[in-house]
Amino acid sequence: MRLALNVGNQCKLLHDQTFHDLNVDYIELDELWSFVGKKQRKTTKRDGDDMGDQYIFTALDRFNKAILSYRIGKRNATNTRLFMYDLRDRVLNTPQISSDSFPAYPEAVWSAFGDDCHYGQVVKSYKGEPHKDSARRYSPGVVTGIRKERIRGIPVNHMISTSLVERSNLSARMASRRLTRLTNGFSKKLENHKAAFALYVAHYNFCRVHETIKMTPAMALGLSARPLSIGDLIEAAHSAKPSKPEGNQFVAPRAIEGGLS
């Protein structure tokens with residue numbers, strides 16, 4: 001476990017050092033539910049914020065399929081704002097951003113991007129259902145309607161979507177046992193949870209060839225010349241050093257020596 005924690009933390013540094021100065025046209029945002037230690041309803045005041053529900057905020061590049069930014073924590077305004085600040089530090093141009101109707105997003109997007117984005121929301125209406133039995137209690141509600149709303153700028157209406165990032169959430173659940181529902185494989189400590197997801201993101205971006213684009217997301221963004229093996233990934237991760245912030249921007253190389261580019 002100490003080895004996995006170390007590798008996961010280094011993968012986070014690798015992501016910070018490589019995913020910067022990006023020109024991305026369309027970004028989709030979503031939050032993936034998970035928990036640490038116990039379900040939220042079983043937590044007490046003694047547990048603090050490290051236990052219970054932990055949402056994984058992810059930003060997906062619609063065309064290059066890359067996970068650009070992520071943050072794990074409570075689903076609140078503070079974490080949403082910090083998530084958007086991190087995304088802003090990585091993207092240079094003026095992208096179109098799509099999200100669900102979580103109320104914290106509009107203020108967070110404005111705080112991080114200002115007028116340098118086009119932002120729209122997918123608003124879903126749900127129908128109340130009868131009480132679900134144990135086999136269906138995690139099923140989503142019945143969607144009765146979907147509408148798209150322009151929040152900032154001039155977003156292209158038919159490109160306001162969260163479908164691909166929601167599909168990306170399924171890939172994460174299938175790849176990481178900690179995110180599988182109804183098992184005892186959930187994380188017992190938040191730091192291990194964060195390290196495990198950082199490892200997943202690094203493998204997804206640098207090692208896994210995406211079926212749609214026929215290359216890794218890092219290759220599609222020009223951050224890597226070839227798919228990395230697990231050995232290459234660990235070597236690159238362990239050569240990564242903490243990035244030093246300069247104002248609101250991270251000063252970091254676009255790629256790490258040893259095969260990334």
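What follows is calculated from the coordinates using simple rules that are stated; it is not laboratory data. This structure is a prediction, so every number in the text was calculated from the model and none was measured. Glycine also receives a Cβ, built like all others from the backbone with ideal geometry; neighbour counts cover every protein chain displayed.
In a simple Cβ point-charge model (Lys, Arg +1; Asp, Glu -1; nothing else charged), the chain has a dipole of about 1200 debye relative to its Cα centre. Across segment 55-67, rounded Karplus estimates of 3J(HN,Hα) from the backbone phi angles (6.51 cos²θ - 1.76 cosθ + 1.60, θ = phi - 60°) give 8, 9, 6, 10, 10, 10, 6, 4, 8, 8, 6, 7, 7 Hz, Gly and Pro being marked x.
Among beta bridges identified by DSSP and lying wholly in segment 2-251, the antiparallel ones come to about 75 percent. Here the extension length gained between Val209 and Glu149 equals 18.2 nm, from 0.36 nm per residue of separation less the Cα-Cα distance. Multiplying the residue separation of Leu82 and Ile230 by 0.36 nm and subtracting their alpha-carbon distance yields 50.3 nm.
With both labels modelled 7 Å from their Cα along Cα-to-Cβ, the Arg2 to Asp100 distance reads 3.9 nm. Among the listed pairs Lys39/Lys127; Lys42/Lys74; Lys148/Lys194; Lys74/Lys188; Lys39/Lys194, those whose Cα-Cα separation exceeds 21 Å are Lys39/Lys127; Lys148/Lys194.
Within the chain, no whole DSSP H helix has Cα atoms reaching 27 Å or more along its own axis together with a mean Kyte-Doolittle score of at least -1.0. Placing R0 at 45 angstrom, the Cβ-Cβ distance between Ser239 and Ser161 gives a FRET efficiency of 0.75 after rounding to 0.05. Database remark: amide H of Val24 closer than 5 angstrom to the amide H of Leu92, Asn93 (H placed geometrically; neighbours at sequence offset of 5 or more, or on other chains; Pro and chain starts carry no H).
By the rule of a C-alpha distance below 13 Å, with chain neighbours fewer than 8 residues away ignored, the aspartates and glutamates paired with Lys189 are Asp47, Asp49, Asp50, Asp53. Under a Gaussian network description of the chain, with springs only between Cα atoms under 10 Å, the residue in His158, His15, His238 that fluctuates furthest is His158. Sorting 209-220, 78-89, 142-153 by average packing, meaning the other beta carbons within 10 Å per residue, from highest down gives 78-89, 209-220, 142-153.
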